[in-house]
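Data first, discussion second: the structure below is written as C-alpha cells.
The values are calculated or read from the model by the stated rules, or taken from the named source; none is laboratory data. Not measured: the values here are computed from a predicted model. Using ideal geometry, Cβ is built from the backbone for each residue, glycine included, and neighbour counts are taken over all protein chains shown. For accessibility, only protein heavy atoms count, side chains too; no ligands or nucleic acids. Shrake-Rupley method; radii C 1.70, N 1.55, O 1.52, S 1.80 Å.
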Amino acid sequence: YFGNTESNEAVMFQMYALSQLGYKVRLGKQSDRLINLLAFQEKVFAKPYLEIDGTEFYFLGSNLTDEGIQLCDFSFPEEKRASLQVDRFPQFPASPAPQKVIRSKAFPQVTASVIVNNNLMEFMDTYPCCSWELFAEASLSKEVKAQLYPNLKKTIAGRSEKEAANILLNLIQTGFEYKTDGDQFGREKTFFGDEPFFYPYCDCEDRSVLYAILVKDLMNLDVVL
C-alpha cells in the first residue's frame, strides 16, 4: 500500500497498528525519515537499539546513519514487549519452491523430498537474529511435516533408540551441502527448520536446530542445544 516498508507512511502505519495491539513501540526521526523502534522480551542480535527508561528498543530496518535520533515522547497504558517465540507460522498463499531431495550417506535408502513455500521463506528471511532455541521451538511448518514425517516415521519404526537417532543424525549431517553464513549470506542467519530445504547450503546451528526438531517430534526425546 505504501510502496516501501520503510517509507514514512509505512512506518507511521506500523506504529499505529503495533500500538493499538498493545505493543511497546517508540517513534524516532532521523533527518526527514521516521523510524520504528520496538521492544522485545528476548535479546535481538546484530541490530541497533536505544535504551529508553531501562528498556531496549530495537531498530529492525536498514541503513541507519550516524546522525542523532529525535524521539517522540509518548507511551501507551499497559503496553507490553513483543515476543519472538513462534507457536505457529502465518499462512501465506502457496508458492512452491523447487523440490529438494536429501539422502543419508551411511543409510542411502533413507531420503527425504520436500517442497517449501516461497512466501514463507521470504517471511522467515526477515526474522530478527535471536537465540537458537527460539528457532528449534518453532518446529516445522505443517506443510513440511506432512511431507517429511510419514516416511521418516516408517524408517525409524522398530529401531532401537540409538539406531533411530543415528539414522536421523546422518541424514541431517550428510544430506545437506555445508557453507558458513558469512560465505552464503554475508551475515549471520539462523535457519528455521523449513529453511535448509530451500537454500543450497546450511551450517552447524541450522542442522542442529533441524535435528533437535526431528528428535523431539519423531522420538519424543528431550533435546538440549
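The count of lysine pairs in region 1-115 that are at least 8 places apart or cross chains, and whose C-alpha atoms lie under 19 Å apart, stands at 5. Amide H contacts of CYS129: PHE45, each under 5 Å away and 5 or more positions distant or on a separate chain (H built 1.01 Å from N in the peptide plane; Pro and chain starts excluded). When the alpha-carbon atoms of region 171-224 are used, the pair Rg, Dmax equals 11.5, 36 angstrom.
In the context of the full set of protein chains, region 82-225 has a per residue accessible area of 53 Å² (1.4 Å probe).
Here's the picture: charge each Lys and Arg Cβ at +1 and each Asp and Glu Cβ at -1 in the chain, and of CYS129, GLY158, LEU37 the one pushed furthest to the positive end of that dipole is GLY158.
Each residue of region 211-225 was assigned a 3J(HN,Hα) from its phi angle through the Karplus curve 6.51 cos²θ - 1.76 cosθ + 1.60 (θ = phi - 60°); the sequence is 5, 4, 5, 5, 5, 5, 7, 8, 10, 6, 9, 6, 10, 10, 8 Hz, with glycine and proline shown as x.
Phi angles of region 100-105 translate, via the Karplus equation with coefficients 6.51, -1.76, 1.60 and θ = phi - 60°, into HN-Hα couplings of 10, 10, 10, 9, 6, 6 Hz per residue; Gly and Pro are given as x. Once you reduce region 28-87 and region 170-187 to the center of their Cα atoms, the two points are 32 Å from each other. Adding -39500 (n - 2.57) for every DSSP H run of four residues or longer, then dividing by how many residues the chain holds, sets the calculated 222 nm ellipticity at -10500 deg cm²/dmol. Length gained on full extension, VAL223 to GLN85: 47.9 nm, using 0.36 nm per residue less the C-alpha separation. With loop membership from DSSP and a limit of 10 other Cβ atoms within 10 Å, the longest segment of the chain without trypsin sites (Lys or Arg not before Pro) is 89-186. Solvent-accessible surface (1.4 Å probe) assigned to VAL224 amounts to roughly 140 Å².
Considering only ALA39, ALA97, ALA212, the mean-square fluctuation computed in a Gaussian network model of the chain, springs between alpha carbons under 10 angstrom, is largest for ALA97. Taking 7 Å steps out from each Cα toward its Cβ at TYR1 and GLN173 produces label points 5.0 nm apart. For the residues GLY68, GLY193, GLY22, a GNM of the chain with alpha-carbon springs under 10 Å puts the largest fluctuation on GLY68. Given in Å, the Rg to one decimal and the Dmax to the nearest whole number for the Cα atoms of region 1-68 are 11.9, 35. When all alpha carbon pairs of the chain are counted in 10 Å bins from zero, the resulting P(r) reads 7, 28, 30, 20, 11, 4, 0 %.
Close amide H partners of ILE35, meaning residues 5 or more places away or on another chain with modelled amide H under 5 Å apart, are GLY28, LYS29, GLN30.
Here the 3J(HN,Hα) profile of region 70-84, calculated from phi with Karplus coefficients 6.51, -1.76 and 1.60 at θ = phi - 60°, is 8, 10, 7, 7, 8, 8, 10, x, 6, 5, 9, 6, 6, 10, 8 Hz, Gly and Pro shown as x.
Using only side-chain charges placed at the Cβ, +1 for Lys and Arg and -1 for Asp and Glu, the dipole size of region 105-196 relative to its Cα centre rounds to 500 debye. Normalised size of region 103-225, defined as Cα radius of gyration per 2.2 N^0.38 Å with N residues, equals 1.02.
Surface composition of the chain: carbon plus sulfur atoms contribute 51% of the solvent-accessible area (1.4 Å probe, protein chains only, all chains present). Using Cβ point charges alone (K and R +1, D and E -1), the dipole size of the chain about the Cα centre works out to roughly 1000 debye.
Taking label points 7 Å from Cα along the Cα-to-Cβ direction, ALA46 and LEU71 give a separation of 2.7 nm. Tell me, which longest segment in the chain has none of the GluC sites (Glu not before Pro) that fall in DSSP loops with at most 10 further Cβ atoms within 10 Å? Segment 79-225 is the longest. When both region 193-222 and region 9-26 are represented by their alpha-carbon centers, they are found 34 Å apart.
Normalised by the number of residues in the chain, the mean separation of alpha-carbon contacts (under 8 Å, six or more apart) gives a relative contact order of 16 percent.
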